[in-house]
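K.L.:
Encoded as structure tokens, here's the structure I'll be asking about.
Every number in this text was worked out from the coordinates using simple rules, so none of it is lab data. Computed from a predicted structure; not experimentally measured. No Cβ is skipped: glycine too gets one built from the backbone with ideal geometry, and neighbour counts run over all protein chains shown.
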Amino acid sequence: MTNKLKTSTLMLAGALACGSCSNKPAPGTPANEEEKSIVYLTREISPEALVNIYHALGRTAEGRVAVKISTGESGNPNYLKPELIGQLVNEVGGTIVECNTAYEGRRNSTEAHWETIKEHGFLPTFKVDLMDEEGEFKIPVADSTHLNYDIVGSHLQDYDFMINLAHFKGHPMGGLGGVLKNASIGVASANGKAYIHSAGRQEVVEGLWNNVDDQDGFLESMAAAAQAVHNYFGNGERILYISVMNNMTVDCDCVATPEPVKLKDYGILASLDPVALDQACVDIIFNMEASEDNDNEPLKERINQQHGTHTIDHAAAIGLGRQTYQLINIDEK
């Protein structure tokens, strides 16, 4: 399928100054774009850089702070490591939050998931909460194209603020995994994941994989669920979004044995607009000049194959955010 890139005319101003990417805008760039969201970038990937880009957003995480990450499937080495995220989590007094998965593996039960969390070093380093360990509840969706509500872990009610801290990469089913997926599939309970994957056709995990033939419905359901979580936190006033572009493969952190990394680490991006942030990450991948040691073709192919950008398109269409943005490189200040 054709990738629908909607690159801002200002997008390359900071991000592509490194020389590793083309200054040519991607196809489909609108001629006149008036309103743009701000996306911040640092090419440094370090604990200090993660804190710096959080501060650049100008929104302070207050109260009981949930830091939503993927704890990573057992055997997958590409998840965001405790030593990278620790300084930020400690600064905001945050709790790492996750939910159980809806597929076979080492995170599809509470007991197994806790073992994986320990194996990956999140305990005893951080406070960690499996939000659906004691149940689930429903939150409203603004877009009812497929879903009547979003089913999330019951402990979501324990938090005042969320930092959506995503690892940007590919995904076998969604095409790409960024902040929209982290807010939707990531915050959903196991049953909520089944509800999203089946585009609203079933609310329990059992038999899920016989009901996943509506690809665009699944992608649109992810956008709707991400919007539900965004709205849950004060209509977006008590949430912020960060994506780390490192260890990028065609596979998600949920894959136990991912394909090899073929891309160089790029940097960290952040925004208050999740649509703009995912769009910026996709645009960076698609505008790279491929080289022998930095091959973006497999990830581009995965995104296109799964129509992955449709999640971003639909999220913009339902008003979650903008696909037009200004990219500001904080390293140049």
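K.L.:
Ranked by Cβ crowding within 10 angstrom, fewest neighbours first, how are 314, 197, 55 ordered?
P.N.:
55, 314, 197
K.L.:
Give, rounded to the nearest 20 debye, the magnitude of the charge dipole that the chain has about its Cα centre when Lys and Arg contribute +1 at Cβ and Asp and Glu contribute -1 at Cβ.
P.N.:
Numbers: 25 positive and 46 negative charges, 98 e Å.
Dipole of the chain, to the nearest 20 debye: 460 debye.
K.L.:
Which residue, 318, 196, 207, has the largest displacement toward the positive end of the dipole of the chain when charges sit on each Cβ (Lys, Arg +1; Asp, Glu -1)?
P.N.:
After comparing all options, I get 318.
K.L.:
Can you list the residues, at least 5 places off or on another chain, whose amide H is less than 5 Å from the amide H of residue 169, using H built in the peptide plane?
P.N.:
Amide H to amide H, under 5 Å and 5 or more residues apart or across chains, residue 169 pairs with 177.
K.L.:
Follow-up question, since we're still on this one. Can you work out the FRET efficiency for the pair residue 206 and residue 294, with r the C-beta to C-beta distance and R0 = 45 Å, to the nearest 0.05? Let's see the in-between values first.
P.N.:
On the way: r = 43 Å, r/R0 = 0.95.
Taking R0 as 45 Å, the efficiency between residue 206 and residue 294 is 0.60.
K.L.:
While we're looking at this one, here's another question. For region 68-81, in order, what is each residue's ³J(HN,Hα) by Karplus, 6.51 cos²θ - 1.76 cosθ + 1.60 with θ = phi - 60°, in whole Hz (x at glycine and Pro)?
P.N.:
Here the 3J(HN,Hα) series is 8, 10, 9, 6, x, 5, 4, x, 8, x, 9, 5, 5, 7 Hz.
K.L.:
To continue, here is another question. Over region 153-281, what is the mean sequence separation of C-alpha contacts under 8 Å (at least six apart), divided by residue count, expressed as relative contact order in percent? Don't skip to the answer; put the middle values down first.
P.N.:
Values: 220 pairs, mean separation 38.7, N = 129.
It rounds to 30 percent for region 153-281.
K.L.:
If amide hydrogens are placed 1.01 Å from N in the peptide plane, which non-local residues have theirs closer than 5 Å to the one on residue 247?
P.N.:
Excluding prolines and chain starts, which carry no amide H, the hits are 265.
K.L.:
Further question: So which residue, out of 190, 61, 317, gets the largest mean-square fluctuation from a GNM of the chain using Cα contacts under 10 Å as springs?
P.N.:
For the chain, modelled as a Gaussian network with Cα springs under 10 Å, the answer is 317.
K.L.:
So, one more: Quick check for you: which residues of region 186-227 have the amide N under 14 Å from the point 7 Å beyond the Cα of residue 104 toward its beta carbon?
P.N.:
Residues passing the 14 Å test: 207-210.
K.L.:
Shifting gears a bit: In a shell of Cβ-Cβ distance under 11 Å around residue 260, excluding residue 260 itself, what net charge do Lys and Arg (+1) and Asp and Glu (-1) give? Each step should come with its number before you reach the end.
P.N.:
Numbers: positive: 262; negative: 251, 259, 295.
That sum, taken over residues with Cβ under 11 Å, equals -2.
K.L.:
What relative contact order, as a whole-number percentage, does the chain give when Cα pairs under 8 Å and 6 or more residues apart are counted?
P.N.:
Details: 784 pairs, mean separation 91.9, N = 333.
Once normalised by length, the contact order is 28 percent.
K.L.:
Something else now. Would you please give the FRET efficiency between residue 157 and residue 265, computed as 1/(1 + (r/R0)^6) with r the Cβ-Cβ distance and R0 = 45 Å, to the nearest 0.05?
P.N.:
Values: r = 36 Å, r/R0 = 0.80.
Approximately 0.80, to the nearest 0.05.
K.L.:
Using the Cα gyration tensor of the chain, with a ≥ b ≥ c the square roots of its eigenvalues, what is the shape: rounded (a/c below 1.5), prolate (a/b larger than b/c) or oblate (neither)? Mind dumping the intermediate values first?
P.N.:
Working: a/c = 1.37, a/b = 1.24, b/c = 1.11.
Since a/c stays below 1.5, the shape of the chain is classed as rounded.
K.L.:
Once label points are set 7 Å from the Cα along Cα→Cβ at both residue 125 and residue 142, what is their separation, rounded to one decimal in nm?
P.N.:
3.5 nm
K.L.:
If you don't mind, another one. Considering only lysines 8 or more places apart in sequence, or on different chains, count the pairs in region 25-153 whose C-alpha atoms sit under 27 Å apart.
P.N.:
9
K.L.:
With each run of n ≥ 4 DSSP H residues scored as -39500 (n - 2.57), what mean residue ellipticity at 222 nm is computed for the chain after dividing by its residue count and rounding to the nearest 500 deg cm²/dmol?
P.N.:
For the chain, the value works out to -8500 deg cm²/dmol.
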